[in-house]
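Novice: Structure incoming, see below.
Every number here is computed from the coordinates shown, using simple stated rules; none is lab data. Just so you know, these numbers come straight off a predicted model, no measurement behind them. For neighbour counting, all protein chains shown are included, and Cβ atoms are generated from backbone atoms with ideal geometry for every residue, glycine included.
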Amino acid sequence: MPAQKSPKPEAEALRAEIREHDRRYYLLDDPSVSDAEYDRLMRRLQELEAEHPELVSNDSPTRRVGGGISSDFKPARHAAPMLSLDNAFEEAELRAWDERVRKNLPPGESPLYLVEPKIDGLSCALTYEHGLLVRAATRGDGATGEDVTANARAMRAVPLRLSGRPPRRLEVRGEVYMSLADFEKVNGDEARAGRQPFVNPRNCAAGSLRQKDPAVTAARRLRFAAHSYGAWEGGAEPESQSSFLALCREMGLPSNRFERCADIDAVAAYHRRFQESAMPKLGFAVDGLVIKVDSFAQQRRLGFTAKSPRWGLAFKYPARQAASMVRGVEFSVGRTGAVTPVAKLEPVFCAGVTISSVTLHNFDEVARLGLRVGDRVLIERAGEVIPKVVKVVERGRDGRDIVPPRKCPACGSPLMKEEDFVAYRCDNPSCPAQLRRTLEHFASRRAMDIAGLGESAVDQLVARGLVKDVSDIYKLTREQLLDLELFADKKAENLLAQIEASKAKPLDRALYALGIRHVGEKTAEAVAERFDVKALLSAGETDFQAVPDVGPVVAKSLSDFFASTAGKKLVRRLLDAGVKMPKPERRAAAGAPFKGMTFVFTGELTSLTREQAEELVKARGGKASGSVSAKTAYVVAGAEAGSKLKKAKELGVKVLTEEEFQKLIQ
Ligand code: IVH
């Protein structure tokens, strides 16, 4: 990299490109690059900014996360209250509202209606001054919310700087939400890490926005859709809701889609059409439509009641709820041994499917609902797939209490309740139900990725006693597999090939695959960066705590596992079976900051040998060379450097002292 060339244009081009990819992903819903390519651009920008700190500005995409951990969210008062909308559930209510609107407008002036989806998320107000994001606040009680600026900055859907010609001050309001696909992914990760899943995408979005660590918010891919504003100062104010929404998009703010309707008949027809054709394809939860009078002049004339605007109405879809009777309760055992009560229902049709069982999550939830077998309950299937019990609607005559079983329903071992956890747990390491879930997790795509080992294959292997722990997978033979119902020739061979291939999976995946409590993918990656397998077997709690992002609970869980005889044995058995668990190649994000860069060392180094220095460069993805050219990124000059230093100066190549080099590699 010739040092004489100013890095500014490259940094600016990268920022523009990254912003464009954010816009394509979150505003246009049409990404044009892979996550890996996006990460590559981000890393290059990080490199440039690290080398040239003078280039960094607060609205650079690299500055989304970095404000540190927020211990609490300060109250944020809204300049104008954040109100809510009146609801309508029946067409008659919609028509009555339309009558009121027309009555309150001058005779002969009929309103044009704008219809937007009512996204089921949480309201958030973003304040921009001179186009820069300065504050984000949740709705709270409408008058005062919580300051979530650090976390909103971490959301790629929220521009840090508006494009076009934004007003001097804009407080834009919108819905923060999560796609169903992202929701399922987060819940999968939560479950695999042994944590309680979120109940629905709205709770998940709210929990993600109110994270203490903005990096967690960033990873959750929250979305934003602008739907209104609280302040528009110092710039021509739009004259209608439709032009406001269009202006938002011009400024780079994702905004609600909308449909214009000439009258209330068109609104009602659109409401029916939307539910049938558009809603199932949206990919996020919508609980109705919002109907607004488009013209702001008319909106001003209509004004507000004490609680809500007269110019708008939420026309909700009939609740996706149904009533049924709890016939019984079963207890399912998860991978970590947590025992989950599941209500068995009188089958009932709700929002397009027949539901005959519904998870109750845990016994605290059973207590909160006051639920007993025999009760009639209201169940709900919201946008997400998992139905839930909303409440008891009628007590059963001779109801039976739902009490935690004393013994594991799968293996009969006594159950334990851990302090501070709501779950009852089976502690038997060879419990068949846990074993099945453990094997499924071990083989799952993000773990050892053995595609042929799905639920039914696992069931058969466990039932036949062929697999007693995950290491037994590696002892399976073709004959054993062919003996099972599921496996014809080709299938058995495929599975064996996948099992063989999984032996080379890196340590981070293997660690995650082991299903140690509280150890999700991120933790596994961080731990695998610091330890190799051998070191893991002798590491203690304090060693684990030294890993970034590993707190006391996770450290204890890791050291409990690796100190236990069962844990040690399992790892040894895997190693003996040929599962190598190599250290992952240093991840490019953290590990290859010198990619594409050539270093030349000259003179005498004091803290390192020349070889060691060159190794350090290589480990970070760079190259070491003996001669200086215009392409050399840095010349590191020790004592009594001679001709190479001179050449570097002639060519304008950046020269570092040994000390500066040490800083660069930290
Ligand atoms: S307009 C005066 N438009 O629904 C309130 N709100 O009860 C003006 N919401 O808290 C809000 N989608 O968070 C508006 N397209 C949409 C909306 C929407 C969802 C939420 C909003 C508000 C609640 C209104």
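Novice: Over the stretch 293-392, what is the relative contact order in percent, taking alpha-carbon pairs closer than 8 angstrom and at least six residues apart?
Specialist: About 24 percent, as a whole number.
Novice: Now for a different question. Using R₀ = 51 Å, calculate the FRET efficiency as 1/(1 + (r/R₀)^6) where r is the Cβ-Cβ separation of Ser243 and Glu521; round to 0.05.
Specialist: After rounding to 0.05, the efficiency reads 0.70.
Novice: Distance cut-off 32 Å, Cα to Cα: go down the list Lys388/Lys580; Lys8/Lys649; Lys185/Lys580 and report the pairs above it.
Specialist: From Lys388/Lys580; Lys8/Lys649; Lys185/Lys580, over 32 Å: Lys388/Lys580.
Novice: If you count, for each residue, the other Cβ atoms within 10 Å and average over each peptide, how do 546-554, 211-219, 236-244 line up from highest to lowest?
Specialist: 211-219, 236-244, 546-554
Novice: To continue, here is another question. Determine the distance separating the Cα centre of the stretch 543-587 from the Cα centre of the stretch 237-264; give it in Å without decimals.
Specialist: With the stretch 543-587 and the stretch 237-264 each reduced to a Cα centre, they are spaced 53 Å.
Novice: Tell me, which cysteines of the chain are without a disulfide-compatible partner by the Cβ under 4.7 Å rule?
Specialist: Cys124, Cys204, Cys248, Cys261, Cys350
Novice: Sticking with this one: If you average the sequence gap of Cα pairs under 8 Å that are 6 or more apart and divide by the length of the stretch 126-219, what percent do you get for the contact order?
Specialist: 30 percent
Novice: Would you mind computing Rg(Cα) / (2.2 N^0.38 Å) for the chain, counting N as its residues?
Specialist: 1.15
Novice: Expressed in nm to one decimal, what extension gain is obtained for the pair Leu378 and Val390 from 0.36 nm per residue of sequence separation less their Cα-Cα distance?
Specialist: Gain on extension, Leu378 to Val390, equals 3.8 nm.
Novice: Check His227: other-chain or 5+ apart residues with amide H under 5 Å from its amide H, H built from backbone geometry?
Specialist: Arg173, Gly174, Glu175
Novice: Given a Förster distance of 45 angstrom, what is the FRET efficiency for Ser57 paired with Arg464, based on the Cβ-Cβ distance and rounded to 0.05?
Specialist: 0.10
Novice: At what distance in nm do the modelled label points of Ser84 and Asp263 sit from each other, each positioned 7 Å from its Cα along Cα→Cβ?
Specialist: Rounded to a tenth, the inter-label distance reads 3.3 nm.
Novice: Could you check what % of the DSSP bridge pairs in the stretch 537-654 are antiparallel, to the nearest 5?
Specialist: 10 percent
Novice: In addition: Tell me, what ³J(HN,Hα) does each residue in the stretch 81-96 have, in order and in whole Hz, if you take phi through Karplus 6.51 cos²θ - 1.76 cosθ + 1.60 with θ = phi - 60° and put x for Gly and Pro?
Specialist: x, 9, 8, 10, 9, 6, 9, 10, 10, 10, 4, 4, 5, 4, 5, 5
Novice: Here is a follow-up. Sequence-distant or interchain residues sharing an amide H contact under 5 Å with Met597, placed H: which?
Specialist: For Met597, the qualifying residues are Lys623.
Novice: Further, regarding this structure: Can you tell me the length gained on complete extension of the stretch Val422 to Glu493, counting 0.36 nm per residue apart and subtracting the Cα distance?
Specialist: 21.2 nm
Novice: Right, next: What spacing in nm lies between the two simple spin-label points modelled at Asp72 and Arg368, each 7 Å away from Cα in the Cβ direction?
Specialist: Rounded to a tenth, the inter-label distance reads 2.4 nm.
Novice: Ok, one more. Measure out, as a whole number of angstrom, how far apart the alpha-carbon centroids of the stretch 164-179 and the stretch 67-140 sit.
Specialist: 12 Å
Novice: Can you run phi through the Karplus equation (6.51, -1.76, 1.60; θ = phi - 60°) for the stretch 248-255 and list ³J(HN,Hα) in whole Hz, with x for Gly and Pro?
Specialist: 3, 5, 5, 7, x, 8, x, 10
Novice: Could you please rank Cys426, Cys261, placing first whichever residue has the fewest other Cβ atoms within 10 Å of its Cβ?
Specialist: Cys261, Cys426
Novice: Another question, then. Using amide H atoms built in the peptide plane, which far-off residues or other-chain residues are under 5 Å from His361 H to H?
Specialist: Close amide H contacts, sequence-distant or interchain: none at all.
Novice: Here's a follow-up. What is the spin-label model distance, in nm, from Lys281 to Lys212 if the labels are put 7 Å beyond Cα along the C-beta direction?
Specialist: It works out to 4.4 nm between the two label points.
Novice: Here is a further query. Can you give the extra length, in nm with one decimal, that the chain gains between Ser629 and Phe304 once fully stretched, where that is 0.36 nm per residue apart less the Cα-Cα distance?
Specialist: The Ser629-Phe304 span can extend by a further 109.9 nm.
Novice: Taking 8 Å as the Cα distance limit and 6 or more residues as the minimum spacing, I'd like the relative contact order of the chain as a percentage.
Specialist: Across the chain, relative contact order equals 11 percent.
Novice: Can you run phi through the Karplus equation (6.51, -1.76, 1.60; θ = phi - 60°) for the stretch 46-52 and list ³J(HN,Hα) in whole Hz, with x for Gly and Pro?
Specialist: Listing the rounded values in order: 4, 4, 4, 5, 5, 6, 10 Hz.
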